[in-house]
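Notes to accompany the following structure.
What follows is calculated from the coordinates using simple rules that are stated; it is not laboratory data. Owing to the predicted nature of the structure, the values given are computational and were not obtained by experimental measurement. FYI the Cβ positions are ideal-geometry reconstructions off the backbone, even for glycines, and counts take in every protein chain you see.
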Amino acid sequence: MGKAVFRPTGFADLVGRRVGIFGWGVEGRAAARRLGDLAELVLVDDAPNEPGVLASADGGLDALATCEVVLKSPGIPRRRDDVLALEARGVLVTSALNLWLGEAPRERVIAVTGTKGKSTTTSLIAFFLERLNHRARRVGNIGAPPYDPSVDDTGGWWVLEVSSFQSVDLTSAPAFVVVTSLGSDHLDWHGTLEQYHRDKLALTRAPGAHVTLLADTPALREESDQLGGTLVWVSERDHALAEALHLLGPHNDANVALALAVVARATNTPTRDVRAAALAGVSDFVPLAGRLTVARELTHDGVGFRFIDDGLATAPLPTLAALEVFTTEPLVLVAGGFDRGVDYHELAVRLNSREPETHVVTMGPAGERLASLLAPAVTSAHVETMDQGVSLAVSLLDRGGVVLFSPAAPSFDRYRNWEERSRDFVRAVDDVTREWSLGGDSNS
């Protein structure tokens with residue numbers, strides 16, 4: 001018989017234990033700070049860049065095998081051979097987020113996941129709670145890990161953004177789970193679209209009584225057998241409130257309705273009262289950068305341009321949603337980046353069928369694959385830098401229109417993260433428009 005696997009239910013169970021931290025990024029560092037001197041820590045990363053952190057391929061995995069528990073960072077695939085090998089040797093591989101959730105006040109945690117819209121919906125939920133005079137923290141993917149000692153944990157609500165990477169490791173559910181959408185993403189991590197859907201929705205199936213609120217979409221309805229908890233389908237849309245909050249697109253109408261529904265249920269407040277409180281304070285809400293936000297709007301030589309930063313669109317689904325917003329205007333889509341194997345056919349079909357003037361400027365290997373699916377009527381060109389991309393986009397719109405930066409691909413081929421890539425887009429726009437301003441025919 002193999003050795004019994006130690007199964008902690010929270011950080012307190014790790015006191016005095018030998019604990020591995022696999023992945024020395026934001027989550028790994030926060031976990032180490034949380035544990036401090038309470039446990040014997042073994043720090044391992046695939047590409048360590050500081051003393052005291054072992055390389056996984058150079059003794060690190062053997063060191064992890066001597067631990068009772070390994071806290072794996074989300075970026076390391078759950079089914080990678082070395083992770084499975086650790087489990088085969090009797091080591092429990094879990095996540096710091098899972099341990100935190102085992103100790104957290106479940107009735108005060110609202111977890112948000114989805115292929116698209118989870119960050120915006122997380123922000124909306126926190127904002128609506130604050131408008132009702134509740135304390136709310138945005139944590140997880142959108143902020144600091146909730147277990148980081150720097151996060152104040154005294155009272156209030158936790159609004160937790162959960163990725164598919166994190167969802168698969170969670171063995172208990174909070175009182176409220178929100179699912180915004182379901183599409184295709186991260187196939188390099190999950191392996192198949194079917195596995196991605198199972199992993200993404202795993203949080204809804206986790207043990208513990210909870211309510212699962214979902215956007216009422218065909219994609220989510222088709223996966224009903226993968227859903228758990230008490231299901232509440234939200235079919236409403238709130239375009240007026242979304243518009244007042246400066247959120248673009250039908251998908252944001254749905255995100256607003258989802259946020260209203262969960263806050264109303266969590267606080268036992270009529271939805272109309274939540275909405276009224278939100279509407280009274282719309283000027284205090286700041287839309288998140290990179291989520292279909294207007295970066296710049298101006299005129300040049302008598303024609304108007306809108307530059308839209310949708311840099312967080314790292315998969316086709318959000319880019320498709322962005323295209324729904326601009327159905328009548330001439331448009332240049334700037335897209336592409338790291339190729340993780342997702343299907344671009346639906347996006348290509350949408351671009352090929354657009355009636356207004358449509359151009360596509362592509363970057364990276366994903367952009368090349370998207371371009372190969374475009375019809376001859378859609379002008380496409382490949383560039384190497386963001387400056388080239390923005391300059392070309394402007395030159396293609398000789399009568400003005402929309403320059404939509406919605407990559408439909410991750411940034412890892414060229415940038416550290418999507419935020420760096422979005423900032424580069426806005427910088428490139430500013431460089432181009434600064435040249436215009438010298439000519440005296442531009443205004444913002």
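With n ≥ 4 as the cut-off for DSSP H runs, can you work out [θ] at 222 nm for the chain, using -39500 (n - 2.57) per run divided by the number of residues, rounded to the nearest 500? Don't skip to the answer; put the middle values down first.
Numbers: 18 runs with 162 residues, N = 444.
After summing the helix terms and dividing by residue count, I get -10500 deg cm²/dmol.
Once the dipole of the chain is set up with Lys and Arg at +1 and Asp and Glu at -1 on Cβ about the Cα centre, which of L170, V15, A47 lies farthest towards its positive end?
Projecting each Cα onto the dipole axis, the largest value belongs to V15.
State the three equivalent ellipsoid semi-axes of the chain, derived from the C-alpha gyration tensor as the square roots of 5 times its eigenvalues, in descending order and whole Å. The partial results should precede the final answer.
Numbers: eigenvalues 300, 145, 81 Å².
One finds semi-axes of 39, 27, 20 Å for the chain.
Under a no-solvent Debye model with one identical scatterer per Cα of the stretch 89-134, what's log10 I(q)/I(0) at q = 0.20, 0.22, 0.28 Å⁻¹?
-0.84, -0.92, -1.04
When the Cα centres of the stretch 1-72 and the stretch 136-173 are compared, how far apart do they sit, in Å?
Each part reduced to its Cα centre gives a spacing of 20 Å.
With a cut-off of at most 16 other beta carbons within 10 Å, and DSSP calling the residue loop, which GluC sites (Glu not before Pro) in the stretch 124-228 qualify? Please list them. Before the final figure, lay out each step's value.
Details: sites: E130, E161, E194, E222, E223; in loops: E222, E223.
Filter output for the stretch 124-228: E222.
Calculate one ³J(HN,Hα) per residue across the stretch 356-370 by plugging θ = phi - 60° into the Karplus curve 6.51 cos²θ - 1.76 cosθ + 1.60, and present them in order as whole Hz with x for glycine and proline.
Rounded to whole hertz, the list is x, 3, 9, 10, 10, 10, 10, 9, x, x, 5, x, 4, 5, 4.
About its Cα centre, how strong a charge dipole does the stretch 293-438 have in debye, to the nearest 20, once Lys and Arg get +1 and Asp and Glu get -1 at the Cβ? Intermediate results must be reported in sequence, preceding the final value.
Working: 13 positive and 22 negative charges, 31 e Å.
Magnitude of the dipole: close to 140 debye.
Which one, N98, F127, I110, is farthest towards the positive end of the dipole of the stretch 92-138 when Lys and Arg carry +1 and Asp and Glu -1 on their Cβ?
F127
Tell me, what is the FRET efficiency for D343 and R7 to the nearest 0.05, using R0 = 51 angstrom and their Cβ-Cβ distance as r?
Details: r = 38 Å, r/R0 = 0.75.
The computed FRET efficiency comes out at 0.85.
Pop the C-beta distance of D431 and E103 into the FRET formula with R0 = 41 Å and round what comes out to the nearest 0.05. Write down the numbers at each step before the final one.
Working: r = 49 Å, r/R0 = 1.19.
After rounding, the FRET efficiency stands at 0.25.
For the stretch 14-94, what is one quarter of the convex hull surface built on the Cα atoms, given in nm²?
Values: hull surface 19.0 nm².
Result: 4.7 nm².
State to the nearest 20 debye the size of the charge dipole of the stretch 14-94 about its Cα centre, where the only charges are +1 on K and R beta carbons and -1 on D and E beta carbons.
Working: 10 positive and 12 negative charges, 69 e Å.
It comes to approximately 340 debye.
Place a +1 charge on the Cβ of each Lys and Arg in the chain and a -1 charge on the Cβ of each Asp and Glu, then give the dipole magnitude about the Cα centre in debye, rounded to the nearest 20. Let's see the in-between values first.
Working: 42 positive and 58 negative charges, 253 e Å.
For this selection, approximately 1220 debye.
Under the definition of Cα pairs under 8 Å and six or more residues apart, what whole-number percent is the relative contact order of the chain? Please list the in-between numbers first.
Details: 915 pairs, mean separation 50.9, N = 444.
Taking the mean separation of contacting Cα pairs over the length of the chain, I get 11 percent.
Nearest 10 degrees is fine. How inclined is helix 386-396 to the longest principal axis of the chain, computing both from alpha carbons?
Taking Cα atoms only, the helix is inclined about 30 degrees.
Between L193 and E50, what is the spin-label point distance in nm, taking each point 7 Å from the Cα along the Cα→C-beta axis?
4.1 nm
Using 0.36 nm times the number of residues separating R18 and T171, minus their current alpha carbon distance, what extension gain do you get? Walk me through the numbers before you get to the answer.
Values: separation 153, 0.36 × 153 = 55.08 nm, distance 2.15 nm.
Here the answer is 52.9 nm.
Quick check: residue separation of H239 and R350 times 0.36 nm, minus the Cα distance between them. What number comes out in nm? It would help to have the intermediate numbers written out before the result.
On the way: separation 111, 0.36 × 111 = 39.96 nm, distance 2.33 nm.
Length gained, H239 through R350: 37.6 nm.
Note the full-extension length gain between E384 and E87 as 0.36 nm times their separation in residues minus their Cα-Cα distance, in nm to one decimal. Please report the intermediate quantities before stating the final value.
Values: separation 297, 0.36 × 297 = 106.92 nm, distance 4.26 nm.
So the chain would gain 102.7 nm between E384 and E87.
Using only the Cα atoms, what convex hull volume per residue in Å³ does the stretch 293-438 have? Could you put the intermediate results ahead of the total?
Values: hull volume 13.2 nm³, N = 146.
Hull volume normalised by residue count: 90 Å³.
Can you compute the modelled spin-label distance between R79 and A280, with each label point 7 Å from Cα toward Cβ, in nm?
In this crude spin-label approximation the distance works out to 5.1 nm.
If only Cα atoms are counted, what is the Rg of the stretch 99-284, and what is its Dmax, in Å?
Calculated on Cα positions, Rg and Dmax stand at 15.5, 46 Å.
Quick one: check the C-alpha center-to-center distance for the stretch 376-439 versus the stretch 246-300, whole angstrom.
27 Å
Using a simple spin-label model with points 7 Å from Cα along the Cα→Cβ vector, what separation in nm is obtained for E368 and A219?
Label at E368, label at A219, 2.7 nm between them.
Quick check on the exposure proxy: order R17, R272 from fewest to most C-beta atoms within 10 angstrom.
Details: R17 16, R272 10.
Final ranking by Cβ density, sparse to dense: R272, R17.
Can you report the principal axis dimensions of the stretch 320-378 using only the alpha carbons, biggest first, rounded to whole angstrom?
31, 23, 17
Can you bin the stretch 183-320 into rounded, prolate or oblate? Criterion: square roots of the alpha carbon gyration tensor eigenvalues sorted a ≥ b ≥ c, rounded for a/c under 1.5, prolate for a/b above b/c, oblate for the rest. Don't skip to the answer; put the middle values down first.
Numbers: a/c = 2.73, a/b = 1.27, b/c = 2.15.
Cα axes put the stretch 183-320 in the oblate bin.
Against the longest alpha carbon principal axis of the chain, how many degrees, from 0 to 90 and to the nearest 10, is the axis of helix 271-280 turned?
60 degrees
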